[in-house]
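The values are calculated or read from the model by the stated rules, or taken from the named source; none is laboratory data. Since this is a predicted model, take the numbers as computed values, not measurements. Here the Cβ positions follow ideal geometry from the backbone for every residue, glycine too, while neighbour counts run over all protein chains shown.
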Amino acid sequence: MSINYCEKERVFTLQTQNATYQMIVDSHGYLLHCYYGAKIERQNLSYCIQPQDRGFAANPPDAAGDRTLSPDTLPQEYSTFGVGDFRESCLDVRDKNGGVAADLRYGSYRIYPGKKPLNGLPAAYGNEKDVDTLEIDLRDEVSGLVVTLRYSVFAQWDVIARSAEIFNRGTGVLILERALSCCLDEPVPASRDILTFYGRHMGERNLERMPLRHGKFRVDSMRGASSPHYNPFVILCDSAATETAGNCWAFSLVYSGNFIAQAEVDQIDTLRFVMGIAPQNFSWELKPGASFQAPEVLLCFSDYGFDALSNRLNGFQMQHLVRGKYRTERCPILVNNWEATYFDFDEERLLALAREAKEVGIEMLVLDDGWFGERNDDTTSLGDWFVNRQKLPDGLAGFGAKLRALGLQFGLWFEPEMVSPISCLMEQHPDWCLHIPGRENVTSRSQCVLDMGLSAVQEYLFERMSGLIREAKLAYIKWDMNRSITNARSMALPPHRQGEVWHRYILGVYALLERLLNAFPQLLIESCASGGGRYDAGMLYYSPQVWASDNTDAVDRLKIQYGNSFGFPMKTMGSHVSVCPNHQTGRTAPLETRALTAMCGSFGYEMDLTQLSDVEKKQIKAQIELFKHQWQLHQLGEYHRLTDAQNDRWFTAWQVVSEDKSVALVQLVLLAPRANAPVLSVRLRGLQEDAVYEDDGGTRYTGAALMKAGLALPPMRGDYSSIQIEFQRLL
């Protein structure tokens, strides 16, 4: 059992393979945080907590004159507002009198093997051998509020899944105005940095590292989705931490809606980190007997730097978050018609693309936007999920049959959450759209947002989508979302409950995804939000493949994929080879480099194959054969960032290693060729030190030599040229 409770000292200790997490219940019933870091055994760490009498620190009524007892300076395990803790709170509760306060004290605990699912929310999963769970009940005696904190310990992976469920066991209605998932208070000062991942459409997941100073630093989203601008994944680390050394802690929110992640250094230099649903414009009516489940946060620790942290967390997510057959199987190699045709297609043009796709070894054709309603541009017909017979005279069923006759699977694009102002759906059901009475709708990309919290909307979408999946025998759907949410008011809720709209929206999205997967368990759903606008742990629960960015430029993708690799498995990252000059940047890169970059993730193509030369088609055929041979290494092996792709000047390099360390691939893209250039070299990682490896040219090295002395690379020339070197361990 990875969880221990010492009754005498009232200490809870959670042990993973390499980490310890410890809490204590003090004499007044406060649940206090003692330690989270490198593994320590057989030690009560509450000595780290040193209460002192500090000015402007409030004392609870039961302090009995003890001015060292203050919620404002104690390391709380779950913080509340209104009773003396003036730092950022996890929980704000308004009672029937209008007061905001909750004084949470320890009530009881339960420890059991296994892990319960979270009602209506994505969450990590595991059986009784994989995970142990601790539940701690904290109670506010005045209001009858109970908060159950859950800690599920996946010891093998150094991961702890935390969540909070809030119960109203009193007699009056309570209003939750803030209900975060996780609080981590460090009891002693330490020098910490924070790593966040900012971005924009077509420029997602840029790493930014900064030291934490006094005050509050936060990233968040109020866009209705996790967004490309900030991501609900952050890392805290020692100020000296690197890829291969130092303490670092990952926090990944298993949620796809509005979020907040905030670090605060207080008056006495201690750190508080909180994460959960964004409190702005959030409220939730909690009637007597009702409960509210906050999303889960995945915590992962490494004392060997970011490289080990990423591999532990990403390996965990593939085993205990991603579901379905594509958790372990290769996703089909596809061609998407978007950059080949945009809206300008008919059946014959698509079939010509399909014939070329089959010839080079592609396995699926994905029909993107423009197949439905009167959709010849992006101004109409979203919501009218009926085939355009002028483009596809035999319908989706007929077109799908023709693809299958060619030996191809059929995939289809949807944007279920949106509706065009010019559409039959908007005309028939204007009340299904999020809108504020008396105000005109704010549009984006000429579209409005459906109220996904409405059961009628979910039912309509399921009926249309499931019907088309059956009719066309779809193997895949691309679920897109191309705008942020405005006018967030639901006609189904009274005015005092409009703060529930944002959360009910994402619960509706999850409910529809779950219903589709239950009906079609073999269906592959690729999540997309104008690219990587909703690339988060929550979506991985439903979508084992996520479109990382609408930017298909191979050189830009090096940076985007570098950022993604810190918190998300490479297998989940949709990555395509596109045409040159690239449609987003105008850049030209060799076809070999475009393929090498795309092979990092779920491999595919996004180009008009009918316009390629015979030489290019031959190259693509060889690329596909190579990927089919190497895919397990690329997608299931350990991934190592050998250079800093975001700041690389001359070249970017990365490496993948098989689980048994028998095979490794080193890949490098030259960013800036130089005359009379210095020798390029990289130090490999993850090899067996005492083993001998042979590269594909026949040269032999020890693992220790490759990792410590490094690998000198052959001279390279030309813009964005690339190289892949394979190493096989000799028996």
Exception for I111 within (1) in contact with a Leu (Cβ under 7 Å, 6 or more places away or on another chain); (2) more than 30 Å from H496 (Cβ to Cβ); (3) crowded, with 21+ Cβ neighbours inside 10 Å falls at (3)
> In this structure, is L596 of a type in the set (A, V, I, L, M) and surrounded by fewer than 19 Cβ atoms within 10 Å (Cβ to Cβ)?
Replying inline: no
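Results for (1) touching a His at 6+ places or on another chain (Cβ under 7 Å); (2) assigned to a loop (DSSP other than H, G, I, E, B), shown as yes or no for each residue.
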| residue | (1), (2) |
| --- | --- |
| L180 | no, no |
| A190 | no, yes |
| R200 | yes, yes |
| E208 | no, no |
| G215 | no, no |
When every residue in region 543-577 that is closer than 17 Å to F316 by Cα and out of contact with any Ser or Thr (no Cβ under 7 Å at 6 or more places or on another chain) is compared, the one surrounded by the fewest Cβ atoms within 10 Å (Cβ to Cβ) is M570
Filter region 52-69 for residues that are surrounded by 10 or more Cβ atoms within 10 Å (Cβ to Cβ) and in a helix (DSSP H, G or I); the one that is modelled with the lowest pLDDT is A63
Check your understanding: On the given criteria, is Y112 in the same structural domain as R178 (by TED's automatic domain parsing) and out of contact with any Phe, Trp or Tyr (no Cβ under 8 Å at 6 or more places or on another chain)?
Key -> yes
Margin query: Looking at region 707-714, can you tell me whether even one residue there is modelled with pLDDT of 95 or more, more than 28 Å from L334 (Cβ to Cβ), outside the structural domain of L313 (by TED's automatic domain parsing) and within 28 Å of the chain's Cα centre (by Cα)?
Written below: no
Counting only residues in region 642-666 that are buried (at least 21 other Cβ atoms within 10 Å of the Cβ) and not aliphatic (A, V, I, L, M), the one farthest from K571 (Cα to Cα) is identified as F651
Filtering strands (runs of 3 or more DSSP E) wholly in region 572-645 for at least 2 residues that are more than 23 Å from K478 (Cβ to Cβ) and under 25 Å from the mean Cα position of the chain (by Cα) gives 638-641
Of the listed residues (C600, C580), the one being within 29 Å of R355 (Cβ to Cβ) and at pLDDT below 95 is C600
- Just a yes or no: is a residue in region 670-682 among the basic types (K, R), surrounded by fewer than 16 Cβ atoms within 10 Å (Cβ to Cβ), outside the structural domain of A340 (by TED's automatic domain parsing) and without any contact (Cβ under 8 Å) to a residue 40 or more places away in the chain? yes
Taking region 424-453 and the residues there that are assigned to a loop (DSSP other than H, G, I, E, B) and crowded, with 21+ Cβ neighbours inside 10 Å, the one that is farthest from the chain's Cα centre (by Cα) would be H435
Residues in region 693-727 that are surrounded by fewer than 15 Cβ atoms within 10 Å (Cβ to Cβ) and not in a loop (DSSP other than H, G, I, E, B) total 6
The condition of being over 28 Å from L507 (Cα atoms) and not hydrophobic (A, V, I, L, M, F, W, C) holds, among P117, P122, P189, only for P189
Flagged in region 306-345 as on the phi < 0 side of the Ramachandran plot, of a type outside the set (A, V, I, L, M, F, W, C) and over 18 Å from the mean Cα position of the chain (by Cα), in numbering order, are K325, T328, E329, R330, P332, N336, N337, E339, T341, D344
Selection over region 603-625 where residues are without any contact (Cβ under 8 Å) to a residue 12 or more places away in the chain and among the aliphatic types (A, V, I, L, M) yields a count of 2
* **Residue within region 18-30 that is surrounded by 15 or more Cβ atoms within 10 Å (Cβ to Cβ) and out of contact with any strand residue (DSSP E or B) (no Cβ under 8 Å at 6 or more places or on another chain) present** => no
In the set Y326, Y304, the lone residue that is hydroxyl-bearing (S, T, Y) and over 22 Å from W249 (Cβ atoms) is Y326
